[in-house]
Each structure stands twice: as structure tokens, then as C-alpha cells.
1. Has region 537-553 got any residue that is surrounded by fewer than 17 Cβ atoms within 10 Å (Cβ to Cβ), within 18 Å of T495 (Cα to Cα) and touching a helix residue (DSSP H, G or I) at 6+ places or on another chain (Cβ under 7 Å)?
2. Name the helices (runs of 4 or more DSSP H) wholly within region 445-543 that hold at least 3 residues that are more than 33 Å from the chain's Cα centre (by Cα)?
3. State whether the residues of region 483-497 include one that is hydroxyl-bearing (S, T, Y) and within 30 Å of E518 (Cα to Cα).
4. Before we move on, is E468 touching a residue at least 24 places away in the same chain (Cβ under 8 Å), acidic (D, E) and within 30 Å of P556 (Cα to Cα)?
5. Under 6 Å between Cβ atoms, which residue pairs at least 6 apart in sequence (or on different chains) link something in region 269-282 that is within 10 Å of L321 (Cα to Cα) with a partner that is modelled with pLDDT of 90 or more and in a helix (DSSP H, G or I)?
6. What number goes with the only condition from (1) modelled with pLDDT of 60 or more; (2) of a type in the set (K, R); (3) not in a loop (DSSP other than H, G, I, E, B) that K73 does not pass?
7. Using the structure shown, decide if K181 is modelled with pLDDT of 85 or more, over 18 Å from V83 (Cα atoms) and open to solvent by 60 Å² or more (accessible area, probe 1.4 Å).
Amino acid sequence: MFCPSYGKRLVEESPNFCSGCGERLYHASCIGDTSLPLTSQTTSNCPTPTFSTFLEYRKKKNEERQKFSEGRKGLKKKEKRKVQINVGLMTIKKGGLKPYRGKTIFLTTDPDATATSLLNQAVKKMKDFNKDLKDGPFLLLYPDGTEVITVPGTQRPFTLEAYKAEVGKPYQRITVFICLKSDFEDVGENSDLSDSDPEIVIKRPSEFDLADTLPWELQHESSPLQKAAEYEVLGILCLLMKDTSLQAHGIIANLALELDHKKVSRFNISRSAVWDGAVRGFRRSTYSDNYDMFIKFNDDAGSFEEGLDTGGPRREFLTLLMGSLRNRPIFDGPPESRYLVYNSRTARQDEYFLAGKMIAVSIVHGGPAPHFLSKNLVNHITGNQSFSATVEDVQDEEITKILHQVLKAESEESLHNLILQNSTIFQTAGCLRNVKPFEKQAFVEEYLRWYILERNQSVIQRFKDGLESLNFLSALQQNSSVLAPLLCFSAKALTASELESMFRPDLSPAGSNKRHKEVLTLGFWADYLLDCEEKATAVCLEDLMMFATGLTAVPPAGMTPPPCIQFLSVLPFPVANTCANTLKLPICDSYSIFKANMDFGIQNAPGFGCS
């Protein structure tokens, strides 16, 4: 066939396009004489080709080849990737918006989801899993309780992908909350300050920082009523400064949102060897800090105490574990002010990291805090430079004797000779020098800082790595004024009135015969608590609380569920359900019988004497 544009005859018989120039060609049946110019030929009856030029045809073929070579993999690349985040529920609690524990669920969505689409998906998913969820318009909130409109710190409209890039967390650790619009508005109205009210209004923040307070002075003479109101305000401020338990509870509740209650880590514990069982459990390959804890106590006879934890066995185990941890060789110092000390054997076993992990897990999982760490150690961990140790903190008798002699040295010559005689220990600490008598106190404090902190820096860092479990160390450093006291010794003891108000009685209907006996037993119970406080019984208040709840004191995370008292009309001895925090008291005819039966029942409980 001849191509007029190319000027040559083609080898192919009936091509649609010229292989030389790419122009469209007509079949001979439609063209007639191929020697005539192309423009003079009639084309009205020629079929219309699919492509106008060969270049378009080649481009189309290239696209088809690329699609064929990519196959399913290429199709998957064009599909939108789904991500998974956490969605919780916020409700009004104690005057503010707080996360509702146990209502956090996973949500699969697109990375480019906007605030509106994410809110609709979250509400639908929450209603699917919570049929008791109230109807009404909802708002999407950040963890700090602010509405999701823009990406924090910017003016860009919210998208999940932009928020993830800004916050620096993986999608699985991002949590947003939904809240009823009415609850959000109610909290906003209650927290607003009125400009027309001349009285001072106190707004209680979620976290009260003493560093943000300033001395307040009266500006003018006030009437007696105004003075009374002002003094009342000062009293409220003092209470807010002292009330750290509520703040600690809220901080720990936020940390506990990361727990996965659908999975468990198993622990097989013998009360006579709590530490060994705990180490095996924490080092098991299937263990995770984020899983719930399944505690199984082995009694002396070899049978098992089943304890899938809704609280009881877990709290008892963590209480016994904190008591065992206090006496480990990684610690030194007085019993109420323990600091870390290097031990080569325990360092090889990485016990310092394990100790920090145990403390973090105990606090976040609802167990007790250690309450035995040195304030100097805790200050060092939180970045606080204050240090106030005494010679009595050193347990080495030889070093204690030398330091006392330095403090008692009266003349410069005797002080100089004493330092030279013991130059080895001071040179090791890096503080060997000439010391004036007025500098001896600072000299001893310098040595104590090295002895307690600086020489143990490597194991302190490993201890901090363990505390990082469940993000507890970050929370401790950010809220040191609230959480640091939980780690240190507190001289405040449990009182009879606190225990009596903690346990609420479950009484029979008024006027019934059972109600009369239960009220009489409550009187015996109040007297028994007073006798325990006065050491007039075989058990103390801590033993009694351990028997009923698995704890010797109220934990930082609070008591859940609230403790209650029920009554036994058949059994003569007390019975406790530590999972439900329920204490069942025997109904007795006299207080002497009640007291004897309570002592016997508590003393013969499986965990008595282990704490």
C-alpha cells in the first residue's frame, strides 16, 4: 500500500497507519487509485478509525501495558488506606468533663477524615456498642475537653492526618472523645466568670498548680459580711491546695485509658514467694503492660484460688509486691526513705528496670503506690534540684561515724587531719580539698549527694526507663507536685472514722426484724474500728482493710467499686469479697462475741500477715 505523505509503498498489505510517518491510511477499497493525492480521494464511505493518529494509539497501548504489569498490586495502591484510632465518651463528673471509664472503643476510618465525618462515625460506632447512650446532638472533643474544630496551635481545619502529624503519635495511640452538646454547654456556663458580680469567684481547674498562685492582699476596708466571704474564699483556696488525691485520680484515670481490657497477662503467685512469681510473670513473653492482670494464688495445700480480676486478687498481689519490693537489695537507706544503690548481681538481672516497671504498673492498674522512696531520689527523677539528706540516711556504719566526726570537728587543724586520714572515701567522691570549719556542713552535704545520687546514676537511669511504662514517668515529671508525694513516705495513718465512712452499709427495709439486728451490728462495727485504732484488738486497721479490699490504704486510682457492708445471719465469722470490695459482718448477740469472731476470721484469712 502506498502512503502519499511518506512517499513510499508500505510492506504491510492493509495497515491503518503508516509505519513511517504515523498518518492515517485508507483501505484500497475505499480509496481507489492510490497514486492520486490523498486530498482528492472520496472518503465518505470509509470507516472511521478509533484513533486519529498513531501517537494516540501508542500512548493508549502503553497505559494498558502498565496496568497489566501492576496487576492487583497496582490496584491496591490506588485504594484508600484505613487507619484505626480510639474513641471515648466524656460526661460531667464533679463539675467538669471527664472520660467515662470502660467506654473507649476502636474506630476504623480514613486518614483524611474531617471533624464532621469523624464525629458521625464515632457516634454511630458508640451507639452500636452502647444501647444506653443518650440521644441528642454530640460534639467531638480533644482529650483536654476542647472542641475539635482546627488542628491545635494552628488555624487549619481539622483532618485526622494533619492532627496525627502535629501531635506526633501513631494512629493507634490517638484518642478523641464525643460528648453531649448539653453537657459541654453546662460545663462552659458553670466555669464562666460574671463581670457584674463584685464577689470573688473561684474557678477550680482540673490541675491546680501552686506555682501559678500569688499572694493575695486586701485592697480596701471591707464590711463584716465581705470579710467573712473573703475568709471563706481563702479557706477554699487552702483546701484546693491540699486536695491532691482528686487530681491524682484524674491523671491516673487518663493513663489507664491505654489499658486493653479484652486481653490478660497471667500471674501464678504464692503468697510465701510473691517476688519470684511476679518476676516470672513480668518477664513472660506474652506479658504486656497494657493488658489486664489475671492473678491466680496458690494456697498451702496446692489447690488454686481463682481470681479473674475485677479488682480483688490484683489489688492484693500488687500490695504484697510493693511490700516485697521495699526490701530488695537494690534499695538502701531507712525503711521510710529508700534510695537506689548499685548491686552487681541485680544489675545483671536488670532488676532496676523491673522495679520501675512494677511501680508504674501498680499505680496505673489500681494498686498501691510504693510510699517508701527517698524524697531526694524522687526529686532527682522529676528534675527537681532540691536535696536535703542527713548522715542517718547512710547505712554504712563506718562512713556514718566519719561524717559525724567531720561535723563535730571544732578546729581547722582537727578537721584537716580528719579529712586526710579518710582521704580515700572523699577522693573517690571528688570532694577532697581544704575545708574551713564554717564549710563542713556543705562539705558533708556534697559527699551525701554523691553517695546517694551521683555514684548510682547508671541504675537510676535504668529505674527511670522502667517507670516510663504506661507513660507514668512523663506524667510524673509533668505533674510532680501531685504524683511525687505518692512515691514518698507519708506519716498519715488510716483512722477509724475514715474506714467507717468508706464502707457504706446495705441495710434491710426499715421496720423489719433484720434491720434491727443490722443496726445493732453496725454499732459493734464502729466500736471494733475504734479498738483497732487503739491497738486493743489482735488486728490493726490496715489488716482489716486488707482483708476486705486487698489494700492497706486507698490507692491513687481510687476505690472501684465503692466498698460496702453486708450482713451474715448464719456464719459466725466475717466474709470478704475483695473483687466487689464487700465485707460481710456476722450478726452476734454481744460485742465480745463479735470482736472475738472478727479477730479469728481476719487472722485466719489466706493473706493475713503477708503485707
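The values are calculated or read from the model by the stated rules, or taken from the named source; none is laboratory data. On a predicted model such as this, the values are computed, not experimentally measured, just so you know. Cβ coordinates were reconstructed from backbone atoms using ideal geometry, including for glycine residues, and neighbour counts include every protein chain displayed. The area values use the complete protein model at the heavy-atom level, side chains included, leaving out ligands, DNA and RNA. Shrake-Rupley method; radii C 1.70, N 1.55, O 1.52, S 1.80 Å.
1. yes
2. Correct list: 513-533.
3. Within region 483-497 (the criterion being hydroxyl-bearing (S, T, Y) and within 30 Å of E518 (Cα to Cα)), the answer is yes, since at least one residue qualifies.
4. Numbers: touching a residue at least 24 places away in the same chain (Cβ under 8 Å): yes; acidic (D, E): yes; within 30 Å of P556 (Cα to Cα): yes.
So E468 fits the description; yes.
5. Short answer, once both residue conditions are applied: V274/L320; V274/L321; V274/S324; W275/S324; A278/L321.
6. (1)
7. When the stated conditions are applied, K181 passes them.
Per-residue answers, yes or no, for (1) within 30 Å of L476 (Cβ to Cβ); (2) open to solvent by less than 70 Å² (accessible area, probe 1.4 Å); (3) in contact with a helix residue (DSSP H, G or I) (Cβ under 6 Å, 6 or more places away or on another chain):
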position	(1), (2), (3)
V378	yes, yes, yes
S411	no, yes, no
Q421	no, no, no
T424	no, no, no
Q427	no, no, no
G430	yes, yes, no
R433	no, no, no
